[in-house]
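The values are calculated or read from the model by the stated rules, or taken from the named source; none is laboratory data. None of the values given here were measured: they were computed from a predicted structure. Cβ placement follows ideal geometry from the backbone for every residue including glycine, while neighbour counts extend to all protein chains displayed.
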Amino acid sequence: MRMALVWLVGLMGWQAMAAELPVAPVRPVMERHFGVEVSDPYRYMEDTAAEGVQAWMLAHSSHAHKVLQALPERAAFRARLEALERSGSDAVTRVQARSDGSLFYLKRGAADDQFKLMWRAPGGRGERMVFDPMAVGLPGAKPGQPQAVNQFSASPQATHVGVLVSAAGSEDTHLYVLDVASGRTVLGPLPRAGMPSWQSETQFAMQRLQAPGPGRTALDKYRDSELTLITLPTADEPAKVEQLPGRDWPGLNPGRDGDVLVRRIPNTEQALVLVGNGVAKEVVLYTGPWSQVRDPGMRWTPVVGVADGVVDYAVRGMTLYAVSHKGAPRQQVLAYDLTQPAQPPRVVLAASGRVVQRVIATRDALWVLAREGNVNVLLRRPYQDDAAFEAQPLPLAGQVTVDFGWGRDASTVQQDGLVIGLQGWTQGQRYLHVLPDGKVRDLSLPLLATGDTPMGLKATEVMVRSHDGALVPLSIVHRADLRRDGRRPVWLTAYAAYGSTIEPNYRRERLAWLERGGVLAFANPRGSGVFGNDWYLAGKGSHKVNTWLDVIACAEYLVDAGWTNPRQLGFSGRSAGGMLAGRVLTARPDLFGAVVAAVGVHDMLRNEADPNGPGNVPEYGSVRTEEGFKGLLAMSPYAHVQDGTHYPPVLLPHGVNDTRVAVWHSLKFAARLLAARQGDAPVLLRLNLASGHGIGDTREQQLDENADTYAFLWHHLARQD
């Protein structure tokens, strides 16, 4: 009774505030695609700089923040989330080992608001800060804006490290190259830069965005990228920046949205040339003499094409190891002889029930990361011809991560053993060094605290039958003593795009939900890669319908199995998962008590009008083809909002500096939901003016968004009326 009264008082306060909000005018733009007429009532909102649009979005964002701040649970969640954050270990991520035995990693200490780049000497003899992103005067950044390390890459012998930094979540990066020993900046800040691919201690290649200027529109921002080779300055010579003719090499045909990158193969005079197509997983590889990288007429020798289905690779000498789904939906490992690239590859690890994900070549062995269900296994094989792969014993069955700096970083062949991250649903991530003799050494990165290994939690794994009989894996995390009485607040989430899978992972902040008796559920519907390439393709493009129908089946299971009821079931997703949240909402508004769609791609028919949209065509399709249009129309949440529908409460968080998903996706979706809804359930547009897609958010930004999300869902799901 008290919970219902508190909720009613909150609703009355929200209605009073909402009555003063501006209403977005409807200005429909009509378009016909392949005989189908589509109305876009809020097209004008794509111009977020327009005065009327600015006023509307700021008014609704201010309203959302006021409503969220006023939630009776918000202060308690914010305090508990901060206590959990500061009571555990330091946050450590992206540990990268180099051939001298040193480690580079990002670390955020208990007193820090942002991650800093750290270096640890060989043998674990202490650490030193190499780079603090908040301490540099990033060009174009406004005073007080947060700045973050987006990526970094150290040279093979750890003498230099390249760091990509951006401000306010924009991901518009500048490159700094540092001398590791002195901390001195030897190059930069260099704008429009990509990840350095080190060829030696003093030279690296990278993709670089074109400079804005005449003839280039906003839609061209990520197109026609340049292949750049940079030689670091010396005492006698300045830095040398060369634009290589990658886009002109005959036969490569990367297209405007593709990229070309070149890598020198260690201990050889050969180069490996990679051609990528936007977000497509498959890569195309060529080889030839490194001495020819400056020749615009160079005809590189093909090694693998798109039809070969190669999605990951490693190179050792003149052998290319490749993970391929050609003829193997769960993928296998092949070996190509680069001295005879026209010869068929040999099978190194045949297809099986495991899903092969990564291949890594180190000095001592070939490593394969695979998945059994949603649990990872690590396989190792010495290079002897008669050697077999053996499973590496690990102290925990869960998620194994191999951070960038491995795999496609060819310099790993100069290192022994493998550095991995390991975590589970109820145990925090720690980094381990798997030694050549099979022993595992804990790197104490981080030193796990009590809050990182909580007692009394349990993960229940089930397979849920979907609309067509497919079995969808669902992981349910809850207190071990929890009784299923159909009245639990359950927070369901999924992503299911680009073949990405939600594997067992631990986040300390989840305790704030679980300790109250809430339940968390993680689905891997089609579109994820949990069962390999066929599972991914069955939720991609024109088959995307399976993704949200699989999620709906999981939601119905949680109700039917007595975990919860529709009134107390919530769903959330981010980015492509935000689009999924919007589509689940519009398909079954009756099945959920609240939905959070963060940084979501909501108007799929207009996604190609965003600079980042064309590169995503391989994943979603294009409005320029009939099949693509039909698939995009089916998956677009904005297109499926129905007038007069009782939608549950909706929260739409988005950073206005988002370069991956334009903020207008959330503006248009919010305006359409507000106009169409029947009843008074809130639609809250929570904008962050100093953030983007969430990449590089500070601790305070993360705590505030988490507090708002937790409080919003708990407020609408926990009441018993």
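Residue-wise test of (1) in contact (Cβ under 8 Å) with a residue 12 or more places away in the chain; (2) surrounded by 18 or more Cβ atoms within 10 Å (Cβ to Cβ); (3) within 14 Å of GLY696 (Cα to Cα).
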{"position": "ALA75", "(1), (2), (3)": "no, no, no"}
{"position": "ARG125", "(1), (2), (3)": "no, no, no"}
{"position": "VAL130", "(1), (2), (3)": "yes, yes, no"}
{"position": "GLY137", "(1), (2), (3)": "no, no, no"}
{"position": "GLY140", "(1), (2), (3)": "yes, no, no"}
{"position": "GLN151", "(1), (2), (3)": "yes, yes, yes"}
{"position": "LEU164", "(1), (2), (3)": "yes, yes, yes"}
{"position": "ASP179", "(1), (2), (3)": "yes, no, no"}
Open item on the list: Residue under question is SER666, and the condition is that it be among the small types (Gly, Ala, Ser) and in contact with an Asp or Glu (Cβ under 6 Å, 6 or more places away or on another chain); does it hold?
Closed with: no
Open item on the list: Condition (residue is surrounded by fewer than 17 Cβ atoms within 10 Å (Cβ to Cβ), free of Cβ contacts under 8 Å to residues at least 24 places away in the same chain and under 19 Å from the mean Cα position of the chain (by Cα)) applied to the range 448-468: is it met by at least one residue?
Closed with: no
Open item on the list: Anything in the range 86-98 that is modelled with pLDDT of 90 or more and surrounded by 19 or more Cβ atoms within 10 Å (Cβ to Cβ)? List them, or say none.
Closed with: VAL92, ARG94, VAL95, GLN96, ALA97, ARG98
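Every residue, every condition in (1) over 25 Å from GLY694 (Cβ atoms); (2) in contact with a Gly (Cβ under 7 Å, 6 or more places away or on another chain); (3) at pLDDT below 95; (4) assigned to a strand (DSSP E or B), yes or no:
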| residue | (1), (2), (3), (4) |
| --- | --- |
| TRP119 | yes, no, no, yes |
| GLY137 | no, no, yes, no |
| LYS142 | no, no, yes, no |
| GLN145 | no, no, yes, no |
| VAL149 | no, no, no, yes |
| VAL163 | no, no, no, yes |
TODO: Please state which of the following conditions LYS107 fails to meet, knowing it meets all the rest: (1) under 15 Å from THR698 (Cβ atoms); (2) surrounded by fewer than 19 Cβ atoms within 10 Å (Cβ to Cβ); (3) among the basic types (Lys, Arg).
DONE: (2)
Open item on the list: I need the full set of residues from the range 222-244 which are surrounded by 17 or more Cβ atoms within 10 Å (Cβ to Cβ) and part of a loop (DSSP other than H, G, I, E, B), in order please.
Closed with: TYR222, ARG223, SER225, LEU232
- [ ] Could you tell me which residue of the range 523-532 is farthest from the chain's Cα centre (by Cα), considering only residues that are surrounded by 23 or more Cβ atoms within 10 Å (Cβ to Cβ) and more than 15 Å from ALA576 (Cβ to Cβ)?
- [x] PHE531
- [ ] Test GLN429 against the stated conditions and say whether it is in contact with a Phe, Trp or Tyr (Cβ under 6 Å, 6 or more places away or on another chain), in contact (Cβ under 8 Å) with a residue 24 or more places away in the chain, assigned to a strand (DSSP E or B) and crowded, with 19+ Cβ neighbours inside 10 Å.
- [x] no
TODO: Determine whether the range 294-312 contains at least one residue that is over 20 Å from ALA350 (Cα atoms) and hydroxyl-bearing (Ser, Thr, Tyr).
DONE: yes
Task: Filter pass, ASP485 being at negative phi and without any contact (Cβ under 8 Å) to a residue 24 or more places away in the chain - done: no
- [ ] Kindly indicate which of LEU549, LEU591, LEU585, LEU537 is without any contact (Cβ under 8 Å) to a residue 12 or more places away in the chain and more than 22 Å from TRP425 (Cα to Cα).
- [x] LEU537
Open item on the list: Of everything in the range 469-481, what is within 24 Å of the chain's Cα centre (by Cα) and either of a type outside the set (Ser, Thr, Tyr) or at pLDDT below 95 (or both)? Give them in sequence order.
Closed with: VAL472, PRO473, LEU474, ILE476, VAL477
Open item on the list: Looking at the range 568-581, can you tell me whether even one residue there is outside any helix (DSSP H, G or I), without any contact (Cβ under 8 Å) to a residue 60 or more places away in the chain, touching a strand residue (DSSP E or B) at 6+ places or on another chain (Cβ under 7 Å) and at negative phi?
Closed with: no
TODO: Considering each residue of the range 672-721, count those that are more than 21 Å from PRO589 (Cβ to Cβ) and touching a Pro at 6+ places or on another chain (Cβ under 9 Å), and give that number.
DONE: 13
